[in-house]
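*Asks:* Supplied in structure tokens, the structure appears directly below.
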Amino acid sequence: QKRTYSYSEPQLYNQNSGGNYFDTQGASAQVSTHSMANNGNGNGALAMGLSGGQIISSSGAYLIGGNSMDGSAPHSAAQTTRASPATIEMAIETLQKSEGLSSQRSSLLNSHLQWLLDNYETAEGVSLPRSTLYSHYLRHCQEQKLDPVNAASFGKLIRSIFMGLRTRRLGTRGNSKYHYYGIRVKPDSPLNRLQEDMQYMALRQQPVQQKQRYLPKIDGVSGESFSSGGQHTPSAAEQTFIAQSQHHQQFLDGSRALPEFAELDLGEPVEGVGSEDVKALQTLYREHCEAILDVVVNLQFNLIENLWQTFWRYSPSSSVEGVTITENSEIEGRLPRTGLVLLCGNEAVLKWMNTCDHLMYQALVEILIPDVLRPIPSALTQAIRNFAKSLESWLTNAMSSIPQRMIQTKVSAVSAFAQTLRRYTSLNHLAQAARAVLQNTSQINQMLSDLNRVDFANVQEQASWVCQCEEGVVQRLEQDFKATLQQQSSLEQWAAWLDNVVTQMLKPYEDKPSLPKAARQFLLKWSFYSSMVIRDLTLRSAASFGSFHLIRLLYDEYMFYLVEHRVAQATGETPIRVMGEFQDLNTMSPANIDKGKLKTAS
């Protein structure tokens with residue numbers, strides 16, 4: 001009796017429960033990080049907006065009305081203490097002297113500073129993640145249709161109004177982020193109206209130095225309903241959504257930090273560009289990449305498009321309601337658009353930015369899919385695949401007024417990133433489908449029985465002309481494969497066996513320039529030989545053919561994954577860059593794969 005196992009992709013990538021989770025069709029998927037204050041202990045939690053089973057992204061505040069965490073009565077959102085005008089004037093005067101701000105810009109800063117004083121206060125022994133506070137600020141600007149300043153300038157705003165504020169890098173080694181130390185959300189601030197989830201209740205008494213992973217919360221209250229004192233009780237659909245979404249943060253690796261970027265050296269001066277412009281580009285691009293990493297960690301995929309539009313000074317042909325045009329924003333004061341365009345045509349800038357992009361995208365891959373074999377919820381997989389599908393169009397649109405050479409360089413890197421996300425999510429899906437087969441004792445016995453009927457001598461004879469493999473090596477792999485199958489090994493044990501095979505096959509080429517070529521040849525030979533085995537099983541109408549086909553797909557993909565990492569390690573490049581060399585033949589030279597170096601098109 002034949003058994004079949006379903007492993008078709010459509011089944012995986014359709015999410016039919018909990019609404020259109022993270023699906024950008026009909027709803028904009030956004031996840032925002034919010035601060036929570038409790039008796040002087042400020043911690044961050046993740047909140048999601050949901051409306052009718054779909055995530056919302058309205059311009060209203062993503063807040064839930066309710067009691068404050070210290071058990072006091074609820075406060076009206078309108079009940080805020082206005083700051084002293086003299087305090088704000090003093091802060092603006094300080095910024096005018098240090099930044100050279102115009103009177104129009106000073107007027108805008110007035111509202112930003114007032115918002116800070118209305119919602120935050122100094123307090124000893126507490127801290128707020130820097131990215132969390134900036135996330136609050138961006139949402140405020142969106143609601144009020146204000147032009148936000150970037151993260152660095154926002155830091156200056158905070159320090160100008162909260163004198164003596166300190167910055168600390170909190171968290172365990174390799175899992176730390178910058179925090180503002182000595183500041184918290186005011187008890188009567190609307191930012192403080194987030195209901196505690198179960199995990200926060202269990203962790204609230206722990207010191208702030210111990211960074212914790214917080215789970216998502218749902219909110220579905222618009223800014224209007226909240227400002228009028230409206231309370232929101234999660235519906236049954238929202239409660240179902242909460243149960244599903246609370247799993248997702250644990251599958252990410254938020255401890256990954258953005259690697260250091262090399263210094264940008266133009267070599268020769270560029271006409272119309274000063275050294276301060278070069279320094280500004282370096283600083284702004286680093287901040288830009290850190291912002292991208294932050295929103296990805298928080299699953300705010302749609303904000304990537306906004307970040308790109310801001311950095312590349314995107315200006316739509318026609319105004320869109322609710323969209324803030326950024327061409328006159330604070331970033332323009334630090335690096336004028338004319339200077340940015342001139343720098344984008346420089347060869348050194350192209351290479352530098354390409355290197356930075358590959359480092360950043362590799363970090364993002366390791367955040368989103370830290371372990372390709374570990375089970376991932378299908379909803380999160382769908383979110384990642386939707387994200388990958390949108391990347392190229394988002395970037396191309398945002399860079400519409402940038403020189404074509406820079407667009408090609410940027411798109412080449414982001415295409416490699418998107419392709420890697422698609423490959424890894426597909427590999428993860430295959431792994432979970434194969435896991436069920438490998439745990440089925442009767443199916444394993446059937447596979448072993450069918451495999452013993454395969455004429456491996458004939459297979460080797462047919463494959464020898466193409467593969468030119470040593471007969472002893474092939475026989476050893478055959479015996480090892482059968483032994484591992486007979487032991488009913490787990491998926492992780494099979495992965496270790498495959499890793500050992502790659503190590504053995506590539507060992508003669510270690511520390512040699514020929515390793516990348518040898519690795520490609522190994523993949524071709526492995527694929528050809530395994531296809532010959534599958535052919536024999538097919539001709540024999542093996543009962544376990546479906547299982548073998550699934551296992552073969554997984555092992556081929558995992559071998560590819562292992563090899564790309566070995567080549568990357570040997571060449572000193574990121575896996576994304578190694579694989580990206582095949583993505584765009586117009587801007588990449590396949591001949592340079594052996595050297596592991598990028599060749600920019602002339």
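*Asks:* If you take the beta carbon distance between Leu146 and Glu290 as r and set R0 to 22 Å, what does 1/(1 + (r/R0)^6) give as a FRET efficiency, to the nearest 0.05?
*Replies:* 0.50
*Asks:* May I pose another question? With θ set to phi - 60°, apply the Karplus curve 6.51 cos²θ - 1.76 cosθ + 1.60 along the range 563-580 and write out the HN-Hα couplings as whole Hz, x wherever there is a Gly or Pro.
*Replies:* 5, 4, 6, 5, 5, 4, 5, 5, 9, x, 10, 7, x, 4, 5, 4, 6, x
*Asks:* Can you quote the Å³ per residue value for the convex hull of the Cα atoms in the range 463-557, rounded to an integer?
*Replies:* Taking the convex hull of the Cα positions in the range 463-557, it is 106 Å³ per residue.
*Asks:* Could you go through the range 180-187 in sequence order and give the Karplus-derived ³J(HN,Hα) for each residue, using 6.51 cos²θ - 1.76 cosθ + 1.60 with θ = phi - 60°, rounded to whole Hz, and x for Gly and Pro?
*Replies:* These are the phi-based 3J(HN,Hα) values: 7, 9, x, 9, 8, 6, 5, x Hz.
*Asks:* Counting other Cβ atoms within 10 Å, keep those with at most 15, restrict to DSSP loop, and tell me which trypsin sites (Lys or Arg not before Pro) in the range 127-164 are left.
*Replies:* Lys145
*Asks:* Given H placed 1.01 Å from N in the peptide plane, which residues other than close sequence neighbours of Thr167 have an amide H under 5 Å from its amide H?
*Replies:* Residues meeting the criterion, in which the H sits 1.01 Å from N, are Tyr181.
*Asks:* Tell me, what ³J(HN,Hα) does each residue in the range 423-439 have, in order and in whole Hz, if you take phi through Karplus 6.51 cos²θ - 1.76 cosθ + 1.60 with θ = phi - 60° and put x for Gly and Pro?
*Replies:* 5, 5, 5, 5, 4, 5, 5, 4, 4, 6, 5, 5, 4, 5, 5, 5, 8
*Asks:* Hey, another quick one. Using modelled amide H (1.01 Å from N, peptide plane; none on Pro or chain starts), what sits under 5 Å from the amide H of Tyr120, excluding residues fewer than 5 places away?
*Replies:* Lys186
Coordinate-derived values only; no laboratory data. Treat the numbers as computed from the prediction; the structure is a model and nothing was measured. Please note: Cβ atoms are built from the backbone with ideal geometry, for glycine as well, and neighbour counts cover all protein chains shown.
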